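Only one structure is covered here, and it is reproduced in the block below.
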């Protein structure tokens, strides 16, 4: 490698970016101060086409975002806080930037709320807070504390609730998919749709359902209707066609809550057992009934707007429309067998086939293919229906890097806010409250 690289052309050196906002200039100036002491900057390596790895390593150690939290007096940290929390007027006016600002503030507030009860902030508690407005305690899994969001955070909390509607839908559909892959495994020539459905008619389901959920079913699971299934768990449902699946949704502590069913399917690994399909279908029924009862029109439109192709994008309003088209408004009074067959074929088997085709070369390999009404396995296997949440961990990492959250657990296994984090939270809440009053 050359010790002194060839200089970049003068026209490249003089390239200017117009229209930078004042906050961007502030960030650029802060960053320049942070790296000014490095050899990369002192010797003008930014004007050369090649650079020594040692010089780049030193520069990276001063320039990386991951260095912010560990540096006691990071020069550019305050500027980055302004950026991430959209302090600039133009950023503040942009909906996407405001959602990020409010999401980060929501996390800060929930970290502080958990700390009030000496609870560690976890994704499980974040999920429970925005979805149920209750969070589980650490010492007693069946004990919960209520959460009342500040008025300025209620809209963003509701937006996160919509995210978890889709999360639970994904758990239900992927758990059904695990069951399909398990049943066709070992049948290289495939099995027909009718045979596949018969393989799910296990006589042990009634016993397992009663054991897991603490409910007794009056008939075989597939002979019941969705309304009868939910009523068995003490969930009241409407009778008319307009509200046949409208329900007083189960509380977080209920064995039929989305949280409880997901824990059974994922943590207890029941998705890989014979009772898995029944639990997954019950989860879908609970979700559909809660969605119909509690989701506002604006959020319903948001779900629909994010479906770009109904044959590859699954959504709760999409599944509801599908069931109404095929079974009418009274679909909640149709046998589970018919609902199960329709959902399994359209939103599990065919959905996977379409998505695998769209991914094409380089994507995830198909786990099955369909030939007429025969489902044929491939050599790949699928046993884990868990769903990763890439958004929350990234947001938490940003708050740690900005030194607004502790980076290590304290003696009580908590990740509390830093002194700056508490001040920043108070500042944003006051700004939002003032803006709401204006």
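Note on segment 289-314: among residues that are touching a residue at least 40 places away in the same chain (Cβ under 8 Å) and touching a helix residue (DSSP H, G or I) at 6+ places or on another chain (Cβ under 6 Å), the one that is surrounded by the most Cβ atoms within 10 Å (Cβ to Cβ) is 291.
Would you confirm, using the coordinates I've provided, whether residue 87 is in a helix (DSSP H, G or I) and modelled with pLDDT under 95? Spelling it out, it is not the case that residue 87 is in a helix (DSSP H, G or I) and modelled with pLDDT under 95. When 24, 4, 79 are checked against the criterion of being modelled with pLDDT under 70 and part of a helix (DSSP H, G or I), 24 stands alone in meeting it.
For segment 125-146, which residues satisfy the criterion of being touching a residue at least 60 places away in the same chain (Cβ under 8 Å) and assigned to a helix (DSSP H, G or I)? Selection gives 126, 127, 128, 131, 132.
Within the bounds of segment 191-198, is there any residue that is surrounded by fewer than 16 Cβ atoms within 10 Å (Cβ to Cβ) and part of a loop (DSSP other than H, G, I, E, B)? No, segment 191-198 contains no residue that is surrounded by fewer than 16 Cβ atoms within 10 Å (Cβ to Cβ) and part of a loop (DSSP other than H, G, I, E, B). Regarding segment 338-346, can at least one residue be identified that is at pLDDT 85 or above, within 30 Å of residue 103 (Cβ to Cβ), touching a helix residue (DSSP H, G or I) at 6+ places or on another chain (Cβ under 8 Å) and surrounded by 14 or more Cβ atoms within 10 Å (Cβ to Cβ)? No, because not a single residue in segment 338-346 is at pLDDT 85 or above, within 30 Å of residue 103 (Cβ to Cβ), touching a helix residue (DSSP H, G or I) at 6+ places or on another chain (Cβ under 8 Å) and surrounded by 14 or more Cβ atoms within 10 Å (Cβ to Cβ). Can you confirm whether segment 117-124 contains a residue that is part of a helix (DSSP H, G or I) and touching a strand residue (DSSP E or B) at 6+ places or on another chain (Cβ under 9 Å)? Yes: one or more hits. Has segment 151-161 got any residue that is more than 22 Å from the chain's Cα centre (by Cα), modelled with pLDDT of 95 or more, assigned to a helix (DSSP H, G or I) and loosely packed, with under 14 Cβ neighbours inside 10 Å? Among the residues of segment 151-161, at least one is more than 22 Å from the chain's Cα centre (by Cα), modelled with pLDDT of 95 or more, assigned to a helix (DSSP H, G or I) and loosely packed, with under 14 Cβ neighbours inside 10 Å, which makes the answer yes.
Wholly within segment 290-406, which helices (runs of 4 or more DSSP H) include no fewer than the required count, namely at least 1 residues that are in contact with a strand residue (DSSP E or B) (Cβ under 6 Å, 6 or more places away or on another chain) and under 30 Å from residue 156 (Cβ atoms)? Where helices (runs of 4 or more DSSP H) fall fully within segment 290-406 and carry at least 1 residues being in contact with a strand residue (DSSP E or B) (Cβ under 6 Å, 6 or more places away or on another chain) and under 30 Å from residue 156 (Cβ atoms), they are 391-401.
Which residue is surrounded by the fewest Cβ atoms within 10 Å (Cβ to Cβ), if the candidates are limited to segment 90-113 and must be modelled with pLDDT under 80 and more than 30 Å from residue 46 (Cα to Cα)? The qualifying residue surrounded by the fewest Cβ atoms within 10 Å (Cβ to Cβ) is 93.
The values are calculated or read from the model by the stated rules, or taken from the named source; none is laboratory data. Not measured: the values here are computed from a predicted model. For neighbour counting, all protein chains shown are included, and Cβ atoms are generated from backbone atoms with ideal geometry for every residue, glycine included.
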